[in-house]
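Read through the structure below, which is laid out as structure tokens, and then see the notes.
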Amino acid sequence: MQSHYSSIFPWKELRYAIAMERDTKAFKKLFLYFYNDLKMFGRGMVKSEPAVEDIIADIFLKVWTLEADLMAIDQINTYLYKAVRNNAIKYLERLPQQVDISEIINFEYHMLTPEQVLISQEHLALIESAIAHLPSKCRMAFTLVKDLDCSYKDAAEIMEISVHTVDRHMQLALRRLREVLGNENIALNYS
């Protein structure tokens, strides 16, 4: 996870270098910075790793070909996650079996945050189980906000729902986590 994205990631400098100077080193830095998180996020929707890799490659190809139009993108993380989501939906729609795209069935994302590393394996299993049993959109909102450090506004834009709905998903997720953890003495930075 690339925590605290906005405070350390030099998007404005990279954006200029990529868009105006066509700097391949800056483009590589952008790619490497986001690739693993985008891949894990995509795998939460599309279970095929090669398909997710193709989706991400297509997105970065588009970013490169935007040239000067890239200067209009202020929030690259929102742009990239939304592109992964939208392209994953397109991919799933092309599959022969019926998939309920509105729910992104079985959204899964597994990445340990620094807080989770400190929690015992037993407690971590309880938390992961609780998160896994959340409704799909609720789980996606929780992942975007808590694991990928997106703001509610960014998560809403990525999921194409309102900020209020993201807030409701987060309230539900946190309530369910508290219910599952009950009397467990676990301090979570999830509230």
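Numerical summary
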item	result
Which listed residue is small (Gly, Ala, Ser) and over 24 Å from Asp147 (Cα atoms), from Ala88, Ala83, Ala51, Ala72	Ala72
Among (1) open to solvent by less than 60 Å² (accessible area, probe 1.4 Å); (2) outside any loop (DSSP other than H, G, I, E, B), the one test that Leu61 misses	(1)
In region 11-56, residue surrounded by the fewest Cβ atoms within 10 Å (Cβ to Cβ) [restricted to those that are at pLDDT 90 or above and either at positive phi or not in a helix (DSSP H, G or I) (or both)]	Glu21
Filtered residues of region 64-82 (kept if assigned to a helix (DSSP H, G or I) and surrounded by 14 or more Cβ atoms within 10 Å (Cβ to Cβ))	Trp64, Leu70, Met71, Ile76, Asn77, Thr78, Tyr79, Leu80, Tyr81, Lys82
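Results for (1) in a helix (DSSP H, G or I); (2) β-branched (Val, Ile, Thr); (3) open to solvent by less than 40 Å² (accessible area, probe 1.4 Å), shown as yes or no for each residue.
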{"site": "Leu134", "(1), (2), (3)": "no, no, yes"}
{"site": "Ile158", "(1), (2), (3)": "yes, yes, yes"}
{"site": "His169", "(1), (2), (3)": "yes, no, yes"}
{"site": "Leu174", "(1), (2), (3)": "yes, no, yes"}
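The values are calculated or read from the model by the stated rules, or taken from the named source; none is laboratory data. In this text, all values refer to a predicted model and were calculated from it rather than measured experimentally. All Cβ positions, even for glycine, are placed from backbone atoms using ideal geometry, and neighbour counts span all protein chains on display. The accessibility values were calculated without ligands, DNA or RNA, using every heavy atom of the protein model including side chains. Shrake-Rupley method; radii C 1.70, N 1.55, O 1.52, S 1.80 Å.
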